[in-house]
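The values are calculated or read from the model by the stated rules, or taken from the named source; none is laboratory data. The structure displayed is predicted, hence computed values, not measured ones. Using ideal geometry, Cβ is built from the backbone for each residue, glycine included, and neighbour counts are taken over all protein chains shown. Keep in mind that these areas ignore ligands, DNA and RNA; they rest on the heavy atoms of the full protein, side chains included. Shrake-Rupley method; radii C 1.70, N 1.55, O 1.52, S 1.80 Å.
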Amino acid sequence: MIFSINPGRTGSEYLARVLDTAKNVRCFHEKEPVVVHFPEVLQKGLEATTPERSSKLKAVLQDLTEEPFRTEPNQIYCDTSHMFVKSWADVVLDHFFSVEEDGRWEVDVIVLRRYLPLTLRSFMRLDTWHPNLPLNEYSGGEYSLGHRNFAIVPPYALNHQQDKVDLALGYIIDFEAQAKKFSENYPQVRMHEIRLEQIQTGDGVRKMLEDLGLEPTQRTLEVINKSSNQKFKPDSVELKTYQPLGLYYNRVKLFEKKYRDKGLRLPPLPHMSLTSWCEDFTGRVDPHGSLCPEPDHNLNENAEIPFNILPHN
């Protein structure tokens, strides 16, 4: 079985399309049911909502009775979803790891990351975060003060003292803490750290599949770098409005500074690095915008950092 740990806007749909081309793999993206009682998790916590969340286990078990799994026992079940670690990893894995079938249920989990300023910019285009939404509305605000039944990273301030950029950053960065906690809770799971940028090339995809013990097929090369989940046209107003990537880079650095100033610790952020593969693909377009920042984005830690680049709503 293969699953993923990732926030939204990091390419999990593209990842599923790539994995689905591998030999003996059937990979879904956010297979229904997706959310699996997550609003209740925010209010009550994971343990108190286990009975309700078991609906996801029932759905997976049903999937395994259908084609191709029913007649092809070597088929690998795969689902890439930002909800895996948030609302159903435990109910599914605890079941399969308790089933004694000669070690049949081996699990690989991909920690999928994308250059963090690009992920943040993508969320701002979608206009998901609003500090004043009531707690019973899903707003991506699981990082916020009112939703402490889930988030690990503590908020540095009350909701009304943070804008939507910081709420989104808290959500994205909390996935790093969630991945670490998951790895500690499930040491039998094989963990793989993958960057979206890495799997935009044939060599990168082949390396990922090799690490997972999978074989590419002819279809694999056909889907590499094909757009998916594209919510903005290249000439859209939204894309032009939120284009300056340097602003988002600087907001991440400011977010880190706020935590340091309060004596709070954030998990490491490996997705803030401009990775080596960017040197060859500067300016190329990925499913959600520029794969790697152009040099003129002025990514400078010491540059003046604007606090409110977006209005409160």
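Brief remarks on what is shown
- Where a residue in region 66-82 is under 15 Å from residue 15 (Cα atoms) and its partner, wherever it lies, is of a type in the set (Asp, Glu) and not in a loop (DSSP other than H, G, I, E, B), with Cβ under 7 Å and at least six apart: 77/63
- For first residues located in region 247-270 and at negative phi and modelled with pLDDT under 90, partners that are of a type in the set (Lys, Arg) and assigned to a helix (DSSP H, G or I) and lie 6+ apart or on another chain with Cβ distances below 6 Å form the pairs 248/121.
- Residues of region 30-44 satisfying the condition of being open to solvent by 70 Å² or more (accessible area, probe 1.4 Å) and either closer than 15 Å to residue 85 by Cβ or assigned to a helix (DSSP H, G or I) (or both): 35, 43, 44
- The set of residues in region 1-30 being of a type in the set (Lys, Arg) and modelled with pLDDT of 95 or more consists of 17, 23, 26.
- Subset tally (residues that are farther than 16 Å from residue 96 by Cα, hydroxyl-bearing (Ser, Thr, Tyr) and surrounded by fewer than 17 Cβ atoms within 10 Å (Cβ to Cβ)) for region 45-79: 1
- Entry remark, region 1-15: residues being in a helix (DSSP H, G or I) and surrounded by fewer than 24 Cβ atoms within 10 Å (Cβ to Cβ) number 1 in total.
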